[in-house]
1. When the stretch A:236-249 is examined, which residues are found to be under 15 Å from A:THR210 (Cα atoms), modelled with pLDDT of 95 or more and in a helix (DSSP H, G or I)?
2. Tell me, which residue of the stretch B:530-547 that is buried (at least 24 other Cβ atoms within 10 Å of the Cβ) and not in a loop (DSSP other than H, G, I, E, B) is nearest to the other protein chains (Cβ to nearest Cβ)?
3. Return yes when A:ARG59 is within 13 Å of another protein chain (Cβ to nearest Cβ) and over 18 Å from A:ALA153 (Cα atoms) and no when it is not.
4. Could you tell me whether any residue of the stretch B:187-196 is at pLDDT 90 or above, crowded, with 19+ Cβ neighbours inside 10 Å, touching a helix residue (DSSP H, G or I) at 6+ places or on another chain (Cβ under 8 Å) and among the charged types (D, E, K, R)?
5. Quickly run through the stretch A:141-156 and pick out the residues that are in a loop (DSSP other than H, G, I, E, B) and touching a Pro at 6+ places or on another chain (Cβ under 9 Å).
6. Based on what the data block shows, is A:VAL159 closer than 20 Å to B:CYS490 by Cβ, in contact (Cβ under 8 Å) with a residue 60 or more places away in the chain and either part of a loop (DSSP other than H, G, I, E, B) or more than 8 Å from chain B (Cβ to nearest Cβ) (or both)?
7. Could you please find all residues in the stretch A:87-107 being within 24 Å of B:MET159 (Cα to Cα), surrounded by 11 or more Cβ atoms within 10 Å (Cβ to Cβ) and within 10 Å of another protein chain (Cβ to nearest Cβ)?
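The values are calculated or read from the model by the stated rules, or taken from the named source; none is laboratory data. What you see is a predicted model; the values in this text were computed from it and never measured. Counting neighbours? That spans all protein chains shown, and the Cβs are built from the backbone with ideal geometry, glycine included.
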Amino acid sequence: MKFAFFKGCKIPYYLGQYETSTRAVLKPFGVRLVDLEFNCCGYPNRDLYFESFVLSAARNLALAEKKKLDIVTPCKCCYGSLKHAVHYLHENEKLRRDVNAVLAGEGLSWKGTIQVHHLLTVLCDDIGLPAIYASIVRPLGGLTVAAHYGCHALRPSNVVHFDDPLAPSIFEDLIAATGAKTVDWPRRLDCCGNPLLGKNNALSLSLMRTKTSDAAESGADCICTACTYCQIQFDAVQSAETPEDQRESMVPAILYTQLLGLSMGLSERSLGISRNALSIEKLGPAWKLLPGAF
Amino acid sequence: MIKTLLESTFLFACLYMALGICALGILIRIARWFAADIGPRSAVIPVWMRVAAATKGFVATVFSLRFFLFFKVLVLDVMLQARIIKTDLSRWIMHIFIFFGFMLLLLMHALDELVTKKVFPEYYSTLAPFQQLRNVFGLMVIVGVAMAIYRRVRQRGPMLITRYADRYAVIILAVIMISGFLVEASKITSESVFNRMMKDFSSAGGPADEDAIKAFWSGEYGTVFADFKTPVTPELIARGKQLNDESCGSCHAPTKTAFISFPVARALRPAAVPMDRIQADVILYYVHVLACFAGLAYLPFSKFFHIITDPLTMIVNGMSDKKKVNQAGAMPRRAMELDACTNCGTCSRYCSVAPVFRMTGNETILPSHKIRTIRSLSSGKKTGADELRKISEGAFICTSCYRCTEVCPTGINLQDQWFASKELLAEKGYPLPHVWMKQFNASEWSDRIRAGEATREKDVDTIKGRYYNLTADSDVFAPCIQCQTCTNVCPVVAAQTDRKDAVDITPQKIMNLLRLGLNDLAMGSRMVWDCTTCYQCQEHCPQGIQVTDIIYELKNKAYGHFKNIDRTAGNDS
């Protein structure tokens, strides 16, 4: 299996562990990730300029088409943005013509010959749960995880085609494979708040705290994410923005690729666990010192 | 009579003048690094603290025992220019040719008395291999300059704009190199140079010997004699060669070894006699040397100042963590970096949001333009509101992906420059649109839109969506039954952070406003600009209304209106 790897803008400098852990967990399954000179997915620009957002996404799609590769992205916002662009380009002929006219300047064009996948779908559908179960060498029994779905992969379902938008199960299924327990928490499909960071910080943090306290009340040890922005929000932002006297109430976050990698027995180094701002107590020293702890 | 540099008082005076101007210029420009305020006003610190921070940083680096890293940067980035090869092989070849060609000419040829003679005591400028090497190095520079011109013409466009500084750099290099080759070529053809050399060095006896040596030099070495009538026989040439080996050979390799200048001399043959009459070799020599001095004097004010700033920038940034910026030393570093930028356009070619520039035409989105806007913002020149709005848009469209910083051949911490300029723009009243939106409420914005539409009819057209018009198409929003599901599932409505900042108009009210044709009242609402775009409302709508897509479109349209409105104006308008 070979994919064009769409990292998005934030992974290289802000969340390098997501790239290394994604590569580490996909490698044993024979998935090859190819790097192309992609640009921004267009999502951050959609607020201001619809056309610029579509062109940004279309250029990425066209680059992958040129190499005849499907795209896989570990980021849900990039996924949503690329899927939206595909949707609009299919639907609106005038838009398609105009975008292709701009792309032609670089010798590119969008024809719609490739698919966009999210990492979780590749794991669940292309690699398959049986293969993932078979790869687990150290099940993480004893760890309780709150699966955070992330909005832009899940909704609008008629555009993104990710999972059942009201009762999704893909994330819980994948977490169950690692041996960890999942909780049913009321806020699991809600927004992490990151889209408003820098725009309305109070609101952004309030959305985040609503989720973390819900996860804690539901008995989760940590929140598991599969999106660049959600992870940044729950990890770096939560760590930086939580006042000293409230740090007890923080709920750490872990990337799904890190969780899966741990249960596959991959090295902590390749998974970049130590690069997370917040550590999960149950995983911390116990994981390091007592390999059989779970 | 030709005088070499060391013998001419005039040229010597020129050299010292050029050196003086160069040194003074460098000092002034370096001093400016510590005086310029680049970045947010809130972070401005006294000049002495900047000097102290820079000194401390320097000392800490020197004594940090990170020599390995230092030499790695010095050898790989500064000498071998590995940062260029990372992105562009042909540009690396171009730059290496110019850099090494010029530096080696400087050391071996220009500073021959100081350098080459000390290293090779038997050095003589007309001996092998120095004569060939001079041609090799000169050719390298000329090929490099030709590549630079080709590249600038070929890739001409918003990503690579050629300005005065770039033209000057190419022209001065070309003048120095071409005049150099012409000096050598005109000396080869010159009869008077030949005669002078004969007078000084020849031990030849009578006129017969002189004819022999002339026959040899005109046939083999390219000298052009105005009045040489003796019939040339193989014997005469053989005798000439023998005399040449005895008298000239010890310090004069065959002129053919000047493999560029010799063919040039051949080509100049028809003009050689008149050229010699006006002493063209002397004139060209003065052109060559004075062009070098002009280049030297103007160096600190030209693009060539990057010879000094770029290694410094590479070392400073190569040895520090680009994400952890030392604020005290940041301003002088940023000022130095602005001087280090050579306008090569690499950053713009790799810019993650370059497609936004292609669509909107706002060139201040591109990093290579942003560097210029930062320069003009820090220069103290007054920037108009329209210009600031444009610059702010460019600055905030940046996704902070660090890609420009990664590829910059000079190692400029571009991302830090962008962070600093965003802060500065926010201070000036030009922050992210989502933030400046908040200074007026929905109805105040609505008044402004109506006032704006009344005065500027033509804007309305451009703001109409070219591909979708969800907010103007009643089929899209009319099915709303006001069931409030959208409002009930909205996490932003639920959050209610602060009474003053709470959502004013809920999603179902937006649908109602659209039905009433009051789109302008929805555009400036908190709901629209605080929407997280989580698509809960759209997914849950029992009528299948594209609520989030409508909010997106309202934002687009609002921005189209609002960016043309004076944001710093008070509430009374």
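1. Within the stretch A:236-249, A:VAL237, A:GLN238, A:GLU241 qualify.
2. B:GLN538
3. Working: within 13 Å of another protein chain (Cβ to nearest Cβ): yes; over 18 Å from A:ALA153 (Cα atoms): yes.
Yes: the conditions hold for A:ARG59.
4. yes
5. Passing the criteria: A:TYR149, A:ARG155, A:PRO156.
6. Spelling it out, A:VAL159 is indeed closer than 20 Å to B:CYS490 by Cβ, in contact (Cβ under 8 Å) with a residue 60 or more places away in the chain and either part of a loop (DSSP other than H, G, I, E, B) or more than 8 Å from chain B (Cβ to nearest Cβ) (or both).
7. Of the residues in the stretch A:87-107, the ones within 24 Å of B:MET159 (Cα to Cα) are A:98-107.
Now narrow it down to the ones that are surrounded by 11 or more Cβ atoms within 10 Å (Cβ to Cβ): A:98-100, A:102-104, A:106.
Result: A:ASP98, A:VAL99, A:VAL102, A:LEU103, A:GLU106.
For (1) surrounded by fewer than 24 Cβ atoms within 10 Å (Cβ to Cβ); (2) in contact (Cβ under 8 Å) with a residue 12 or more places away in the chain; (3) at the interface with chain A (Cβ under 9 Å from one of its Cβ atoms), each residue gets a yes or a no:
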{"site": "B:PHE357", "(1), (2), (3)": "yes, yes, yes"}
{"site": "B:LEU366", "(1), (2), (3)": "no, yes, no"}
{"site": "B:THR373", "(1), (2), (3)": "yes, yes, no"}
{"site": "B:SER400", "(1), (2), (3)": "yes, yes, yes"}
{"site": "B:ARG403", "(1), (2), (3)": "yes, yes, yes"}
